[in-house]
Amino acid sequence: MKKILAILLALVIVVFSFASCKKDDEKPYYVDEEGQTQIAEKDENGKYFVTDDEGNKTYIDDKDVVDEKLDSDLQEFVDNAEKNPDKVFDDADKNDKLEMSDELVTDKVVVVEPDGGKANAQKRLQAYKKVIDTNKFTIQATVKEVGGDNLEYPFLYIRNGNGAYIETAVPFDEGKVVKANMIIVSGKTYCEIPSLKCYMIVDDMSIEDLADGTFDGNSLATYKFVESGEVTLNGKKYSCDAYTVDTDTIKYYYDSNDNLVRIEKIGKRDSVITEIKSMTNSADSSKIKKPKGIDITALVG
């Protein structure tokens, strides 16, 4: 989830930074293989070329040239955002807050007899894994990162086969957030900001990378059971099962009906709390589609 948030935040910053500084005379431009942006020009035959520092011309394919209209469109979006920021930004305090606890429960859970403890824990975990393994589910949650940036944000995850949709809100300025999405469809990953009507393609993120394995059934096979017991959070009792994976401790909290309601991933430097509000074996596939708007992949490089 941290990687997703970092990508979305980078996109927000790039869009606003780019729109605030015009290209030279808003000419068409070209991004080479090394990610360098160069102004493109046309010769007398209408063919595009770029010129290096020594004056040498290199002709480029028309399809690789980004039209100057991209500058004006992005500038228009940002200008509108500045005039009416409510269309782009939301107040951070409007986001769903954690319902059970704002702090990690770092004390050891109450140890129970191995037979009942481990058996019941595995039964609960397998029920959760059964939902995840269908690759068709919807999870609505609130995520809080403890340590580091101490971020808190809403999280909607829809998975349908090889397609996926994540909706969240990216902290952008003090007290403000920008709604943003990650979409995987037809083997491509898109990072989208709907309010700015733009997106970029992320080549190095697969469907397995989404949510850092939190909602990936394959990762559960590597968990080592530690202990299980009953804990109380804000006056409510929950069954808590603790596992280890690599250097992290993973804790799963279940209500009286054995519904998974909370996951704590406790690391050495920072930790992540996921409060699950709902989890169903259904998926709104209409959201899993290529976003509309301007592709600014070339700007990100």
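Read-outs throughout are calculated quantities, based only on the coordinates presented, and are distinct from any laboratory measurement. Bear in mind that the values here come from a model prediction, so they are computed numbers and not experimental data. All Cβ positions, glycine included, derive from the backbone under ideal geometry; neighbour counts span all protein chains shown.
Computed quantities for the displayed model
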read-out: Whole-number D in µm² s⁻¹ for region 188-253, Kirkwood Cα-pair radius fed into Stokes-Einstein, 20 °C, 1.002 mPa s; value: 142
read-out: Efficiency of FRET from Cβ geometry, Glu44 and Ala6, R₀ 41 Å, rounded to 0.05; value: 0.35
read-out: Kirkwood Rh and Cα Rg combined as Rg over Rh, evaluated for region 157-301; value: 1.02
read-out: Estimated inter-spin distance, Ser256 and Asp62, nm [label 7 Å along Cα→Cβ]; value: 7.1
read-out: Integer Hz, Karplus 6.51/-1.76/1.60 couplings in order for region 56-65, x for Gly and Pro; value: 7, 8, 10, 7, 10, 6, 4, 5, 8, 8
read-out: Estimated vicinal HN-Hα couplings, Hz - region 259-276 in sequence order (Karplus 6.51, -1.76, 1.60; Gly, Pro = x); value: 7, 5, 10, 7, 10, 10, 10, 9, x, 6, 9, 8, 9, 10, 9, 10, 9, 8
read-out: Gain in span if fully extended, Lys277 to Gln126, counting 0.36 nm per residue against the direct Cα distance; value: 52.4 nm
read-out: Calculated FRET value between Asp52 and Asn234, using beta carbons and R₀ = 51 Å, to 0.05; value: 0.20
read-out: Descending semi-axes in whole angstrom, ellipsoid equivalent of region 94-228, from the Cα gyration tensor; value: 31, 21, 12
read-out: Exceeding the 23 Å Cα-Cα cut-off - candidates Lys63/Lys292; Lys144/Lys188; Lys237/Lys268; Lys57/Lys188; Lys188/Lys224; value: Lys144/Lys188; Lys237/Lys268; Lys57/Lys188; Lys188/Lys224
read-out: Potential extension, Ser286-Arg269 segment - 0.36 nm per residue separation minus Cα distance; value: 2.3 nm
